[in-house]
Amino acid sequence: MNAPANGNRNCAIVIGGSIAGLLAARVLAKHYKQVILVERDSFPAVGEHRRGVPQSRHTHGILGSGRNVLEALFPGISDQLVQAGAVPADIVRDIRWCLGGGYLSRFKSGLDGLCASRPLLEGAVRARVKSLPNVLLRENCQVQALIGTSDNSRVIGVKLGGEALSADLVVDAMGRGSRSPQWLDAMGYQKPKEDRVEVDLRYTTRHFRRSPQHSSDDAGIVIEPTLEGKRRGVMLAQEGNRWIVTLSGHFGNYAPPELRGFLDYAKSLPAPYIYNAIRDAEPIDEPVSARFPASVRHRYEHLQRFPGGYLVFGDAISSFNPTYGQGMSVAALQAMELNAALRKGSEELSYHFFARAAKVVDVPWSIAAGSDLRMPEATGQRSAMLKFTNWYIAKLHKAAHTDQALTFAFLNVANLLAPPSSLMHPHLMLRVLWGNWRREKARLRDADLQTIADA
Ligand SMILES: Cc1cc2nc3c(=O)[nH]c(=O)nc-3n(C[C@H](O)[C@H](O)[C@H](O)COP(=O)(O)OP(=O)(O)OC[C@H]3O[C@@H](n4cnc5c(N)ncnc54)[C@H](O)[C@@H]3O)c2cc1C
C-alpha cells in the first residue's frame, strides 16, 4: 500500500496510539513523507495492558469487517495472531449466538473471526505500524493543545509540554475523552452537536482456565439479554488457553465481581452455557469492572466551519455501547475512508473525511442505539420506524433459530459486512413470516396435545 507522499504532505501527527490512532497512522504513512504518532502512555510489550486503555481488560471482539480491513492493511496479521495464540473461529459455526430465547442456527459460513485479547491485538498492530520506515512512535508524550495559524483557519501543529511539533495534518485519535470540542471552542469554532443514548451499562470481567473438553469445541458464546432481565454474557476463547467472560447489565442489573455472585449472575442469564462452562473452572485473575454510561456521537459532519489541517477519528467521533463489539471495526472502516478522502486530494479534506466517516458510523449507530432503545429506561428518540424495526428483528431472531439464510443475513449485518436494509429484502421477510407462522403452529399443536393429555 505504500506510495510516495505528494504535494504539501510532509508531516502528519496522530494524537493517541490506540487502535484508531495506529490505523490512521498506517493509512497516513501512504500519503505523508513522515507520520508522528504521539501517545501519553509508554508502550508495553505485546500482550500487556496499559493505563490509557482501561477497557483492554474486558472482552474485545473484532467483527468480520474489522478483521478484513486489518488483513488488508497488514497482510498476514491474522496468521501472526494465531501463531501468538489467538483462536480462529467461523463466526457462525464456532460461536454460539443466543438471541430471542434460543440459539441461531450453526453451520460453516466463511465469516472468519479471531478471538484474541485486546492487548495481543493492539500489540500486533503496533508492531506492524512501528516497522513502517516513515512512522515514528513517540511514547510518554501528552498533547496539551493545538497550534493554529494567527487567524486560526488552520491547525499547524501541537504542543507537548514545552515542545512544539509542526505538521501539515493533525489527527485526533484521543478516544472517548477527546479534547477536540474544547480545543475547537478555544479557536473560535462551534463545538459539534452530540447525539447520546443513555444505557447505564456496567461490565464485570473475569478470566478462567479453558479446560481440555472446551478447547476443541466452541470458541465462544454471546448471550443477549431479555428486555426484562437486561443481563448479557459473553465468553470468548483467548490466547494462553483462557476464557474471558464478561457479564454486563443495564440500569442496576449489574454482575457482582466476587466469584460466588459472578457465578449466580451467569446462572441467571437466558441460557446456562456460560455458567456450565465456568462453574468448576479455575479463575485465573482478579475481576475488573467498568462503567459505560452512554453511547455518544459527535456530529462533526454537520459543522459549517472547521479548521484546515485537522481531523477527528475513531472513538473521538463516536463511541458505542461496547456490547455490540463495534469500536475497533468502525475505526478500521474509517481508516479506509481516510485513505479514500486523501486520494481525492488535500482540498477540503475534513469535509470529505467527515462525510465519509459519518456514513461509516450511521450503520453501527443505528444497530446499537436502535437496539438499546428497546429498553424503556434508555433515553433517546424512538420513531415509529425504529419500533417496527425492533419488532421485526425480534421475529427474525426467532425464525433464525432454524433458518440458516436468516442467521447468515443477520450476522453479516451485525459484523458490518452488509447494511441493515439487506434484512428487509422481501425474500428474507417472507422467511421471517414463514418461520414465525411455523413456530406459532407448533406451539398451538403442543397446547392442543397438552389439553388432550390433561383431559
Ligand atoms: C468496556 C469496553 C469494551 C469494549 N469492547 C469492544 C469490543 O468488544 N470490540 C470493539 O471493537 N471495541 C470495543 N470497545 C471499543 C474499543 O475499545 C475502541 O473503539 C477502540 O479502542 C478504538 O478507540 P480509539 O483508539 O479511538 O480510542 P482509545 O482506545 O480510547 O485510545 C485513545 C488513546 O489516546 C491516548 N491519548 C488520549 N489523550 C491523549 C493526549 N492528549 N496525548 C497523547 N495521547 C492521548 C490514550 O492514552 C489512548 O491510548 C470497547 C470499549 C469499552 C469501553
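The values are calculated or read from the model by the stated rules, or taken from the named source; none is laboratory data. Note that the coordinates shown come from a computational prediction; the quantities given were computed from them, not determined experimentally. FYI the Cβ positions are ideal-geometry reconstructions off the backbone, even for glycines, and counts take in every protein chain you see.
Worth pointing out:
- Failed item, numbered, when I13 is tested on (1) surrounded by fewer than 24 Cβ atoms within 10 Å (Cβ to Cβ); (2) within 23 Å of G177 (Cα to Cα): (1)
- Some residue of the range 67-74 being outside the structural domain of S131 (by TED's automatic domain parsing), surrounded by 19 or more Cβ atoms within 10 Å (Cβ to Cβ), over 18 Å from G327 (Cα atoms) and among the aliphatic types (A, V, I, L, M): no
- Considering residues of the range 96-110 that are hydrophobic (A, V, I, L, M, F, W, C) and buried (at least 19 other Cβ atoms within 10 Å of the Cβ) only, the residue nearest to the chain's Cα centre (by Cα): W97
- Number of residues in the range 26-50 that are at pLDDT 95 or above and away from the ligand (no atom under 11 Å from the Cβ) equals 11.
- Looking at the range 375-455, the helices (runs of 4 or more DSSP H) lying wholly inside it that each contain 3 or more residues that are in contact (Cβ under 8 Å) with a residue 12 or more places away in the chain and more than 27 Å from the chain's Cα centre (by Cα) sit at 426-454.
- Elements of type strands (runs of 3 or more DSSP E) in the range 175-294, at least 1 residues being farther than 30 Å from G16 by Cα and touching a residue at least 12 places away in the same chain (Cβ under 8 Å): 194-209, 220-223, 231-238
- Residue in the range 96-112 that is more than 13 Å from the ligand (Cβ to nearest atom), in contact with an Asp or Glu (Cβ under 9 Å, 6 or more places away or on another chain) and assigned to a helix (DSSP H, G or I) present: no
- Taken over the range 118-157, the criterion of being within 11 Å of the ligand (Cβ to nearest atom) and under 19 Å from V46 (Cβ atoms) is satisfied by R118, L121, E122, V125, R126, R138, E139, N140.
- Residue selected from the range 327-351 under the condition within 16 Å of the ligand (Cβ to nearest atom) and not aliphatic (A, V, I, L, M), by the criterion surrounded by the most Cβ atoms within 10 Å (Cβ to Cβ): Q334
- The residue that is nearest to the chain's Cα centre (by Cα), counting only those in the range 301-334 that are aromatic (F, W, Y) and within 25 Å of S153 (Cβ to Cβ), is F313.
- Looking across the range 298-326, just one residue is touching an Asp or Glu at 6+ places or on another chain (Cβ under 6 Å) and within 7 Å of the ligand (Cβ to nearest atom), and that is A316.
- Scanning the range 42-58 for residues that are within 17 Å of A124 (Cα to Cα) and part of a loop (DSSP other than H, G, I, E, B) yields S42, F43, P44, A45, V46, G47, E48, H49, R50, V53.
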